[in-house]
Amino acid sequence: MAKDNKITFYDLALSTGATISPFVWATKYALAHKGFELDVVPGGFTGIMERTGGKTERLPAIVDDGKWVLDSWGIVEYLDETYPDRPALIPHPGVATLTRALDAWFWGAAVGPWMRCYCADYRDLSVPEDHEYVTHSRENMLGMKLEDMQAGREDRLPGISASLEPLRAALRESKWLGGDEPNYADFRILGGFLFTASVAKTPPLAEDDPLRDWLDRCFDLYGGLGRHPGLFTLFGLKQREGDPDLFVKTPWGGQANRNTGPQSTRAETEAITRS
Ligand SMILES: N[C@@H](CCC(=O)N[C@@H](CS)C(=O)NCC(=O)O)C(=O)O
C-alpha cells in the first residue's frame, strides 16, 4: 500500500492556493501525522465530480494505491486501521467520542458563526469559476445574500472569541488536545481555525489570545503545514468599548482552581460568603 509513501489527496482550495475546507485541512494534518507525502490533485468547488471520476461530490477524498477512501472521519478510520504501526490518530475510542462532542460544540460556537462573518470574502477569494456556484449555494445555505450576512461582523466577532473559553481551559492544562502529543482531536479543531484563516480578511482573535501558543505550534507541525502564504493572520482583533472581554484574563473559580487545601480556595470562599 501507499507506493513510495505517497497518497493521492483531492484538495479544495481558494484562488490564494490555500486550502479552505475544515474537513480537508484536518485530513491534510492526519495524513502528515501518519508520515505520508501527498500527491495533491488541486482544484476548487467546481468540477469535484469530474475530477474524481464521479466518485464524490464532497471533499476530502484520498486514493491509496488505487483504493478510494471518502469522508474525513472515514479517512482517519482507514488510516489507523490500515497503518497501525504508524502514529495513531485516534489512540483510544474515547478520543473519537470526545472529539466528535468538541467538534460539534466548536461548529456551533465558532466555525458556523465565523462562516457568517466571512461568507462574502469566502466567495471573493474563491477561484473565479467558483464565484457563481459559491454565491448561489452559500446563499441557499445561509438564507440571505452573502453581503448582508457578513455585514456587522465587527459586532459579532468579540462574542465568538469570548465563547472559546472551553478550548482555552483545556489547553491551560495540556500541551495538546491529544495530551503530551497531538492527535486527531487537535487536527479536527485546528481545521476550523485554518478554514477561518483562509478567509479572515479581518482577524477573529486578539493578538494575545491564550490559544495563540497552541495554534502557532499546530501551524508549525510537519514542516509548517499551517503556514501557507495565502492564509490571513487570526490575531489582531481589538476590544472596543462595550465589547465583551475577548478571553478571560484571570480564570477563576471551581473549574479553574485545583483544590490543594483551604489556602487555595480562601479567596473564592471570602468572595462568595461576603455579606
Ligand atoms: N462528511 C464530509 C463533509 C465534507 C464536506 O462537506 N466538504 C465540503 C467542503 S467544507 C465540500 O466538499 N463542499 C463541496 C461543495 O460545496 O460543493 C467529511 O467529513 O468529509
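If a residue has to be over 20 Å from the mean Cα position of the chain (by Cα) and assigned to a helix (DSSP H, G or I) to count, how many in the range 151-172 make the cut? The qualifying residues number 2. Screening W73, W68, W107, W25 for residues that are aromatic (F, W, Y) and assigned by TED's automatic domain parsing to the domain that holds C218 leaves exactly one candidate, W107. Between E50, E37, the distinction of being surrounded by fewer than 16 Cβ atoms within 10 Å (Cβ to Cβ) and either assigned by TED's automatic domain parsing to the domain that holds A185 or closer than 21 Å to L225 by Cα (or both) belongs to E37 only. Report yes if some residue within the range 29-42 is in a loop (DSSP other than H, G, I, E, B), in contact (Cβ under 8 Å) with a residue 24 or more places away in the chain and closer than 16 Å to S126 by Cβ; otherwise report no. Checking the range 29-42: at least one residue is in a loop (DSSP other than H, G, I, E, B), in contact (Cβ under 8 Å) with a residue 24 or more places away in the chain and closer than 16 Å to S126 by Cβ.
Yes/no matrix, rows are residues, columns are (1) hydroxyl-bearing (S, T, Y); (2) more than 16 Å from the chain's Cα centre (by Cα); (3) more than 13 Å from the ligand (Cβ to nearest atom):
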{"site": "A18", "(1), (2), (3)": "no, no, yes"}
{"site": "P22", "(1), (2), (3)": "no, no, no"}
{"site": "T52", "(1), (2), (3)": "yes, yes, no"}
{"site": "R58", "(1), (2), (3)": "no, yes, no"}
{"site": "D64", "(1), (2), (3)": "no, yes, yes"}
{"site": "E81", "(1), (2), (3)": "no, yes, yes"}
{"site": "P87", "(1), (2), (3)": "no, yes, yes"}
{"site": "P91", "(1), (2), (3)": "no, yes, yes"}
{"site": "L102", "(1), (2), (3)": "no, no, yes"}
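The residue list R138, R212, R217 contains one member that is outside the structural domain of V24 (by TED's automatic domain parsing) and more than 18 Å from the chain's Cα centre (by Cα), which is R138. Note on the range 107-131: residues that are over 13 Å from M141 (Cβ atoms), surrounded by 17 or more Cβ atoms within 10 Å (Cβ to Cβ) and among the aromatic types (F, W, Y) total 2.
The values are calculated or read from the model by the stated rules, or taken from the named source; none is laboratory data. Since we're looking at a predicted model, the values are computed, not measured. No Cβ is skipped: glycine too gets one built from the backbone with ideal geometry, and neighbour counts run over all protein chains shown.
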